[in-house]
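Participant: Please see the structure below; I have some questions.
The values are calculated or read from the model by the stated rules, or taken from the named source; none is laboratory data. All of these numbers come straight from a predicted model, not from anything done at the bench. SASA here: full protein model, heavy atoms, side chains in, ligands and nucleic acids out. Shrake-Rupley method; radii C 1.70, N 1.55, O 1.52, S 1.80 Å.
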Amino acid sequence: MDTSEQLYDREATGWRRGLYDDVKHTFRAPVVNWIFRTAVANEPEFTRYAWGQVKPLFETRAFARLTVEYRDAVLSELDDLPAYDPAALGVSPAAFAELRGQLATFDVVAPRLAVLFEAMDRGLHGEAVGTDTADDPATTAPFPDWLDRDRGAPPSMVAPDAVPGELSGTVESVREFHGLGSNLPSIYRCLAQWPAALDRLWGDVEPALESAAFDRACDRVDDLASGFVTGAPYRPRLAPDDLRGIGMEEDSIEDVQELFREFNSGPVETVLPALPVFAATVGAGGERAPL
């Protein structure tokens, strides 16, 4: 799979346009994440099939509860996070409003991507999904209409090779912390639009992310995502035999298995839990009260 190939939101037509709109509606976020853009570009028929299998997982009240618990699990472990206004980040009020809206979007997608990666990784390897469902109405009740609806703004970001030079030290520190090699996740490419803001944010937040408290937060959200997938009310048919049944070749099956296993481990284990942290510092975090 060529992971440099992507079908961008603005380029999608036909059923791909509909799928992207459905992902945004279901995830309640104005963004089609990299994983979908890459999967559609490389394995379009698989992606259409797989989305139909996993979509129901994101439409229940139990999942809504998970999104709130995920955010609270991170933020409740971290005391004394900074709180910023435009002057503190060196941006105009208009730029600050845009920054807040974009960080809110990342806050929305964090638990959704965590569950997507866990469910896809397990399903594609024939591992347990939905094998221990609780007898609780929330497991099959609908996702509340109000939660996370219309909360974020479409993210924009600098190209990987166009990060401002004055951020070289900050970017190197980011990559070292997350174990990223030469890559830079979307959240940091987004913040790099406002170099002074990214420099200040990372300098202030890095100690919290390097703490034992953040390690505990990462363990907690990993347990939440894993527990939700095990207790899911629906069982996506994503095992290799299911994919052979829709006409996929062995090398394509191995490609998608590797893609989602890679994204269900490694740097993502710290990148996703960091998203609510950045949103909280500018007052863009979402609901934390139990559902």
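Participant: Restricted to Cα positions, what overall size does the chain have along the principal axes? Three whole-Å values, descending.
Facilitator: In descending order, the Cα extents are 56, 41, 34 Å.
Participant: Which far-off residues, 5 or more places away or on another chain, put their amide H under 5 Å from the one on T60, with H placed in the peptide plane?
Facilitator: It is F143, by chain and number.
Participant: Take the alpha carbon atoms of segment 1-138, find their radius of gyration, then divide it by 2.2 N^0.38 Å using N residues; give the quotient.
Facilitator: Against the compact-globule rule of thumb, the ratio is 1.24.
Participant: If you don't mind, there's one more thing I want to ask. Given a 1.4 angstrom probe, I'd like the percentage of the accessible area of the chain that is carbon and sulfur, rounded to a whole number.
Facilitator: Ligands and nucleic acids excluded, carbon and sulfur reach 47 percent.
Participant: Mean-square fluctuation check for the chain, GNM, Cα pairs under 10 Å: which of L191, L167, L116 is largest?
Facilitator: In the Gaussian network model the winner is L167.
Participant: Using alpha-carbon positions, what is the distance between the centroids of segment 48-102 and segment 175-207, in Å?
Facilitator: Cα centroid to Cα centroid, the span is 17 Å.
Participant: Of all the Cα-Cα pairs you can form in segment 207-266, what percent are over 18 Å apart?
Facilitator: 57 percent
Participant: Same structure, new question: List, largest first, the extents of the alpha carbons of segment 244-291 along their principal axes, each in whole Å.
Facilitator: Projected onto the principal axes, the Cα atoms of segment 244-291 cover 47, 26, 15 Å.
Participant: Name the residue, out of W15, W194, W51, whose mean-square fluctuation peaks in a Gaussian network model built on the chain with Cα pairs under 10 Å.
Facilitator: For the chain, modelled as a Gaussian network with Cα springs under 10 Å, the answer is W15.
Participant: Tell me, what are the semi-axes, in whole angstrom and largest first, of the equivalent ellipsoid of segment 103-161 as set by the roots of 5 times the Cα gyration tensor eigenvalues?
Facilitator: 29, 21, 6
Participant: Please state the equivalent ellipsoid semi-axes for segment 91-215: what are the square roots of 5 times the Cα gyration tensor eigenvalues, largest first, in whole Å?
Facilitator: That gives 33, 20, 14 Å for the three semi-axes.
Participant: Rg (Å, one decimal) plus Dmax (Å, integer) for the alpha carbons of segment 156-233?
Facilitator: Radius of gyration, then largest Cα-Cα span, for segment 156-233: 15.3, 49 Å.
Participant: Mind telling me which of N264, N183, N42 comes out most flexible in a GNM of the chain, alpha-carbon contacts under 10 Å?
Facilitator: N183
Participant: Remind me, relative contact order of segment 1-60 in percent, using alpha carbon pairs under 8 angstrom and six or more residues apart?
Facilitator: Relative contact order here is 42 percent.
Participant: What is the P(r) of segment 1-80, as percent of Cα-Cα pairs per 10 Å bin from 0?
Facilitator: 16, 41, 26, 15, 2
Participant: Moving to a separate point now. Could you state the angle between the C-alpha long axis of helix 250-263 and the longest principal axis of the C-alpha atoms of the chain, as a value from 0 to 90 degrees rounded to the nearest 10?
Facilitator: 30 degrees
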